[in-house]
Amino acid sequence: MTRIIYVNGRYLPYAEAAVHAEDRGFQLADAVYEVCEVKGGRLVDETRHMGRLARSLAELSIPQPMSSGAWSRVLRETVRRNRVRDGLVYLQVSRGAGPRSFLFPPAGTEPTVVCLARSAPPAQQEAAAEAGIGVKTMPDPRWDRCDIKTVMLLPAALAKEAARAEGAKEAWFVDHHGFVTEGASSNAWIVDGEGRLITRAADTAILRGITRTTLVDLLERVVRSWAVPARAAATAAEWRRLREFPGAAADAAAVYLARLFALELISPQFCAPGVVEHAIEELGLDAAKLEAVRSDASVASLFGQLQ
Ligand SMILES: Cc1ncc(COP(=O)(O)O)c(C=O)c1O
C-alpha cells in the first residue's frame, strides 16, 4: 500500500498528496514518467531509467527538475517511507501548472514532480510468467513519438481493456504495414521457427524499454565477444529483424518490461511457455545471470559478470 507520496519537494500522506487543478499533465498529458522495479529493496536499472527520463524531458523541452543526486535521494526516500522491498517506484514530471493554454507556460514555470512507491509481491507475477498470458493484436492508434515516455496512455488503457474483454492480458499493436510495434505496456519479442529471437528495432514507433535494452546488450555482447556456436551467432545476429505477426511462423512470444523480466504469451499460434527462455539459454544466458546483470546498470561490469 502506498502511504506517502512525494509532491514538489514534500513527502505527504497519501490522502493529502495533490497537484494543481490546472497542471498541464492533468489537462494536456504534457508530462513524462518512469517506472523502476524495486527488488529486495534495491532499484533495478536505475541509471538507465534516469537516462531515459532525461531524454524524454529533453525531447519535450521540459526542464530537468533536479540533479541526478537529488533524484536518487527522492526515489530511495520514497521507497523507504513506503517500506517497499519488492514492488515499484513511479515518478512523473509535468511541464507545471498555469492557466490552460496550448502554448508553453512562461520560462521559469516549475515542473510538477510526483514520486510514489508501491509493494507488489513477486509471487503473483511469477505465477503469470509460469502459466503464460494471452495477447490480443490490434491496429496501433498511437502517435509517431512513442519513443518518448509520456503519460498519454489512453490508447494503451483502451487496448488493455479490449484485451481483457477477450480474456487476454496484453495487447500487441500492429502498424500500417502489418508489423508488430510493441505491447500496450511492454516490448514484444518472438522466437521464430528457427529459434531466432526477434524484436522491433528501436525506432520512434516504440518505447525503448529498459528491459529490452538490457537483453539487447547481453545478446550483442554474447555475439561479439564470446566464442559462440554458429547457430547461436546466427540467432542473435538476426534478432533485430522485424517480423510480421500474426501470420509469420512464430513458435513463441514474450513481452519484456521492468518488474517482470519475461512473460511469455500463449495463444493458438504459440506453443507452451518456456520457448523464449530456452532460446535465451541457448545463447549461454541463464535466468540467474540475467537477474544478476539486471541489478547492475553498468554494461561493462555486466559483461564481466557474465564471463
Ligand atoms: C509502451 C511500452 N513499451 C515498453 C515498455 C517496457 O519498458 P521497460 O522495460 O522500460 O519497463 C513499457 C513499460 O511501461 C511501455 O509502456
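Read-outs throughout are calculated quantities, based only on the coordinates presented, and are distinct from any laboratory measurement. Only a predicted model underlies this, so the values are computations on that prediction, with no experimental measurement involved. Glycine gets a Cβ as well: all are built from the backbone with ideal geometry, and neighbour counts include every protein chain shown.
Structure above, values below:
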item	result
P(r) of the stretch 4-120 over all Cα-Cα pairs, binned every 10 Å from zero, in whole percent	14, 45, 32, 8, 0
Per-peptide average of other Cβ atoms within 10 Å, ordering 25-38, 70-83 highest first	25-38, 70-83
Rg and Dmax of the stretch 41-110, Cα atoms only, in Å	14.4, 42
Cβ-based exposure ranking for ASP144, ASP23, ASP203, in which fewest neighbours within 10 Å come first	ASP144, ASP203, ASP23
Relative contact order, percent, the stretch 4-120 [alpha-carbon distance under 8 Å, six or more residues apart]	37
For HIS20, HIS177, order by how many other beta-carbon atoms lie within 10 Å, fewest first	HIS177, HIS20
Cα-based shape type of the stretch 107-172, given that a ≥ b ≥ c are square roots of the gyration tensor eigenvalues and the cut on a/c is 1.5	oblate
